[in-house]
Amino acid sequence: MVRVLYFYLVLCAVDSLSAAKLFFDFETVDSKQPPLGFASVLEGGGKPGLWKVIEDEVPGYFSAFSKDSANVQKKPVLAQLSEDLTDERHPMLIFEDDTFKNGTFEAKFKLVKGIIETMAGLVFRYQDPQNYYYVRASGIGQSFAFFKVVNGQRGEPVMISREIETGQWYKVSVKMDGAEFIVRLNDEPAFPTLTDHTFTQGKIGFWTKSDSVSYFADPRLDYEPRVIPAERWIEEALKAFPRLLELDIFAPAEPGQQAKVIASKDVGRKGQIEDEVVKAAITEGKRHYKRNKKTTRITLPLADRNGDPVAALRVEIKSFAGQTRANALTRAIPIVELMQRQILDLKDLYQ
C-alpha cells in the first residue's frame, strides 16, 4: 500500500500480517515546507515551531556516526528552524495519519545551534500536547533522557550523562512493547528496559526545546498494525457472505469531519476519501443503489444507538437479470445488521 502525502510513505507487510514498515522520505516535499500529513503543535509558551524540509549531508545507515564519516550523502532532512528564546517551549511535529501501539520508531538527529538549549528528541504514544512520552538529547546539558508528560506536568526523568556534540548526527530508537520501552542511542542501549503503563498507544513525532535548531533524517517505524473493530467486522461479514465483490466501511475520525475508508475487503482502498453518495449516507441517512450489467453497488448508513448515522457501508455484489433495488437491499441489509448491533457510538468503529 502506498500513500502519497507529498513525501514518499510506504506501508508494507513483513513476514506476516502482524508486522509492517513505515518509511518517511522527504525527497518529494516542496523545498522549505513542512511535510503534509504532519501537524505542528506546541507545549508551553512562545511561538510555534518552524518546521521545514531542507538539504543537509547525512551519514548512511551503515557508516559511523561522526563528522569525518566518508559515507555521507546530501539529502532532504526535516528541520526545526525557529529560535524563540522562551525557556519552557516545546515545539513538536506530530504524524497525524495513524495511532500506534507496539513497534520501533527511529531517526537520526543533529543539534545545530541554540543559546538557551540545544536539544532534539522523538515523541511517542502522543495523545495531545499535554500527554505523551519522549526521549531527548541535550548538547548544553550533555545528557540523554526519557520523560513522561501527563496533563502538562513533566515527571522525573530517567537520565544519563552523555557527550552530545553540536553538528554531529546521532541515531535514536525507541522500541515500544506494551508497557515496556527499550531506548537506544547509536544502536547501544541508553537505559535498562523502562516500564510505564500510562499511555498504551498514540501518535509519533519529533520534539525540540526553546531556541534549539535541530535536524532529523531517515525516520522509520517498524510496527504491529492495530486491528480496529471495523476491520474485524469486515472479516466477519466476508465469512458470512463470501460472495461479496467489495465491502467498505467509511467513517470520519470525529463527528463532522470528512469520512474515509477505515476498513475494506481490499486493503488498498483504505484511506479513500468519501464521495457525495457516502457523504449523503452519513449526513442525511440516505440509501443509494446503482446497477450496471456486471455489478450492483449499495451504500447504506450505519447508525449509533440513537439512530443517528455516524458511518457508511458500501457493498458491491454481482448483478443478475431482473434484479431490483428491493432485492439488492435485501442482500445488503443483513450485513448492516451484523455490524449495527456492535455500534453504540462512532468511537466503537475505532476502539
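Only the coordinates and a few stated rules stand behind these numbers; no lab work does. Because the structure is predicted, anything quoted here is derived from the model rather than measured. Cβ placement follows ideal geometry from the backbone for every residue including glycine, while neighbour counts extend to all protein chains displayed.
Think of the stretch 182-231 as a dipole: +1 on every Lys or Arg Cβ, -1 on every Asp or Glu Cβ, centred on the Cα centre; then among Ala190, Ser212, Pro225, Ser212 lies furthest on the positive end. Peptides 257-267, 285-295, 201-211, ordered by how many other C-beta atoms sit within 10 Å of their residues on average, highest first, read 201-211, 257-267, 285-295. By the rule of a C-alpha distance below 26 Å, with chain neighbours fewer than 8 residues away ignored, the lysines paired with Lys265 are Lys21, Lys101, Lys203, Lys239, Lys279, Lys286, Lys290, Lys293, Lys294, Lys318, Lys347. Applying 0.36 nm per residue to the separation of Ile115 and Lys21 and subtracting their alpha-carbon distance, the gain on full extension is 30.1 nm. Based on every Cα atom in the stretch 229-349, Rg and the maximum pairwise Cα distance Dmax equal 13.3, 41 Å.
Placing pseudo-labels 7 Å out from each Cα toward the beta carbon at Val227 and Asp128 gives an inter-label distance of 3.1 nm. Name the residue farthest towards the positive end of the dipole of the chain from the options Ala20, Ile54, Gly256, assuming +1 on Cβ of Lys and Arg, -1 on Cβ of Asp and Glu, about the Cα centre. About the Cα centre, the residue reaching furthest to the positive side is Gly256.
Along its principal axes, the chain has C-alpha extents of 76, 41, 35 angstrom, given from the largest down.
A simple charge model with +1 on the Cβ of Lys and Arg, -1 on the Cβ of Asp and Glu and nothing else charged puts the dipole of the stretch 92-157 at about 260 debye relative to its Cα centre.
Applying 1/(1 + (r/R0)^6) with R0 = 45 Å to the Cβ-Cβ distance of Asn71 and Gln351 gives a FRET efficiency near 0.55.
The angle between the Cα long axis of helix 229-240 and the main principal axis of the chain comes to about 40°, on a 0 to 90 degree scale. For the peptides 46-54, 318-326, 81-89, the ranking by packing is 46-54, 81-89, 318-326, with the highest mean count of neighbouring Cβ atoms within 10 Å listed first.
Against the chain, whose longest principal axis comes from its Cα atoms, helix 325-340 is set at around 40 degrees.
Here the chain is treated with +1 on each Lys and Arg Cβ and -1 on each Asp and Glu Cβ, and its dipole about the Cα centre works out to around 1600 debye. The value of relative contact order for the chain, using C-alpha pairs under 8 Å at least six residues apart, is 15 percent. Relative contact order for the stretch 151-200: 26 percent, from Cα pairs under 8 Å spaced at least 6 residues apart, divided by residue count.
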